[in-house]
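Asks: One structure, as structure tokens, below. Some questions next.
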Amino acid sequence: MLNNLSKYLSILLLFSGSNLPALTSINLETNNSKIISTDYLNKLPPNDYILGSGDNLSIVVSRDYPELTSTSVIDGEGTIYLPKLNRVFVKGLNIAELQDILNKAYGEFIKFPNVEVIVTEYRVIRVLVSGEVENPGLQTLKGSFKTISEDNQIANVNNNSFNKSSTSFFPTVFDAIRMSGGITPFTDLTNVQVIRKNNLSEGGGFKTATIDFSKVLISGETTQNIRIYDGDVIKLKKSKKENKFLFTKAILSNLNSKFISVFITGRVVNPGKTAISKASVLTDAVDIAGGVKVLKGPVLFIRFNNDGTIDKRKFKYKKNAKRGSYSNPMLRNGDLIFVDQNFLTSTNEIVNEVTSPFIGIFSAYGLIKAISE
């Protein structure tokens with residue numbers, strides 16, 4: 001019986017072992033080819049975040065003097081209160097500069113100060129996004145975003161509380177463009193400029209970086225999606241050629257909203273504010289509005305451009321007009337479409353339903369004038 005069992009085990013090991021790769025040798029070879037030295041620890045990022053009003057700071061002067069440790073919020077005038085030093089002005093410094101100055105200041109009170117400054121809560125940041133985006137202007141974003149993970153919660157039986165781990169994320173160029181409504185089909189993403197305040201220790205003023213943001217959408221290259229700081233200016237230029245591929249990528253990546261709102265009125269079945277796909281043209285909006293009734297006059301299309309100009313077109317409605325052509329344009333948020341309508345008799349509808357949700361910065365008079373001329 002033992003002989004039979006021995007034969008059975010030998011056969012089992014033979015067949016099972018024949019399909020196993022040489023895992024040990026593969027692992028050893030992989031480990032030897034990817035040795036990480038201590039130099040990796042020196043890859044510290046540039047500490048160029050400039051402190052400003054609203055930042056929450058934790059400041060440790062020295063581990064040997066815990067009584068000097070404090071937490072402070074930079075007030076509206078750019079100052080904080082510190083033990084021994086009282087009120088000091090810190091706005092405009094980066095963390096490294098503040099640590100260096102405080103080491104010198106506290107050197108008058110203690111031996112060998114070793115100041116550590118940590119931003120525990122970042123202030124709200126404001127960035128100016130200009131150029132070829134849907135809604136250029138000043139955008140306000142949170143200085144950081146925190147997500148709380150409950151995967152490893154540890155219940156505390158006594159007070160019924162939980163320990164949760166949190167992760168911080170910081171706003172990037174992607175977030176700023178998204179807050180601006182996203183790109184247009186003519187946005188040149190290969191040449192995006194980010195203008196930023198320079199550190200005082202580097203001479204102050206401003207510095208400029210040029211990034212190829214198209215790589216973020218095409219290949220997910222995060223190095224081109226840099227973090228943004230308070231006071232940054234982001235400039236996006238206009239391309240002479242339409243780029244439908246990148247525009248589609250922007251929609252799929254959630255850089256652009258998948259839907260926009262346009263206002264269509266006149267001889268359609270369901271006039272009014274209409275939600276349509278971001279990639280829609282004028283004929284799509286007419287179809288979603290129920291289609292046209294019998295037409296006698298032209299279609300009037302009005303768009304208020306980012307530069308303050310007005311794109312006004314009159315043309316005969318053609319259901320089969322080429323997509324993206326003059327008489328069947330790609331639509332943007334806030335476009336106005338009047339289908340064979342007596343414009344002068346619809347003044348109240350225009351003022352009440354159009355100016356409020358779509359063109360707050362343009363006067364009702366300006367809109368009526370644009371329609372009637």
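Asks: Only one of (1) modelled with pLDDT of 95 or more; (2) crowded, with 16+ Cβ neighbours inside 10 Å; (3) over 25 Å from LYS238 (Cα atoms); (4) out of contact with any helix residue (DSSP H, G or I) (no Cβ under 6 Å at 6 or more places or on another chain) is not met by ALA176, so which one is it?
Replies: The failed condition is (3).
Asks: So, one more: Only one of (1) surrounded by 14 or more Cβ atoms within 10 Å (Cβ to Cβ); (2) modelled with pLDDT under 95 fails for LYS164. Which number is that?
Replies: Looking at each condition in turn, LYS164 falls short on (1).
Asks: Just name the residue that is nearest to ASN135 (Cα to Cα) out of those in the stretch 250-282 that are surrounded by fewer than 17 Cβ atoms within 10 Å (Cβ to Cβ) and over 24 Å from the mean Cα position of the chain (by Cα).
Replies: For the stretch 250-282, the residue satisfying everything is LYS273.
Asks: Could you please tell me which pairs satisfy a Cβ distance under 8 Å, a separation of 6+ or placement on different chains, a first residue in the stretch 35-57 that is without any contact (Cβ under 8 Å) to a residue 60 or more places away in the chain, and a second residue that is open to solvent by 40 Å² or more (accessible area, probe 1.4 Å)?
Replies: What qualifies is ASN47/ALA96.
Asks: Select from the stretch 126-148 the residues that are more than 22 Å from ILE183 (Cβ to Cβ) and more than 14 Å from the chain's Cα centre (by Cα) and write down the one among them that is least open to solvent (accessible area, probe 1.4 Å).
Replies: Filtering the stretch 126-148 for residues that are more than 22 Å from ILE183 (Cβ to Cβ) and more than 14 Å from the chain's Cα centre (by Cα), the one least open to solvent (accessible area, probe 1.4 Å) comes out as THR147.
Asks: Right, another one. Of all the residues that make up the stretch 208-242, how many are open to solvent by 80 Å² or more (accessible area, probe 1.4 Å), under 25 Å from GLY143 (Cβ atoms) and polar (S, T, N, Q)?
Replies: Qualifying residue count for the region: 4.
Asks: Mind checking which residues of the stretch 179-202 are in a strand (DSSP E or B), open to solvent by less than 60 Å² (accessible area, probe 1.4 Å) and farther than 14 Å from ASN333 by Cα?
Replies: THR187, ASP188, LEU189, ASN191, VAL192, GLN193, VAL194, ILE195, ARG196
Asks: Consider the stretch 59-99. How many of its residues are at negative phi and either open to solvent by 30 Å² or more (accessible area, probe 1.4 Å) or among the aromatic types (Phe, Trp, Tyr) (or both)?
Replies: Residues meeting the conditions: 20.
Asks: Contact list please: Cβ distance under 8 Å, first residue in the stretch 67-84 and basic (Lys, Arg), second residue crowded, with 16+ Cβ neighbours inside 10 Å, pairs at least six apart or on different chains.
Replies: Going by the 8 Å Cβ cut-off, the qualifying pairs are LYS84/LEU68; LYS84/TYR106.
Asks: Still on this structure, please answer the following. I want to confirm something. Restricting to the stretch 233-287 and keeping residues that are hydroxyl-bearing (Ser, Thr, Tyr) and in contact with a strand residue (DSSP E or B) (Cβ under 9 Å, 6 or more places away or on another chain), which single residue is nearest to SER327 (Cα to Cα)?
Replies: THR283
The values are calculated or read from the model by the stated rules, or taken from the named source; none is laboratory data. A quick note: this is a predicted structure, and the numbers were derived from the prediction, not measured. Quick reminder, even Gly has a Cβ in these numbers, built from the backbone with ideal geometry, and neighbours come from all protein chains shown. Note: areas computed on protein heavy atoms with side chains; ligands, DNA, RNA excluded. Shrake-Rupley method; radii C 1.70, N 1.55, O 1.52, S 1.80 Å.
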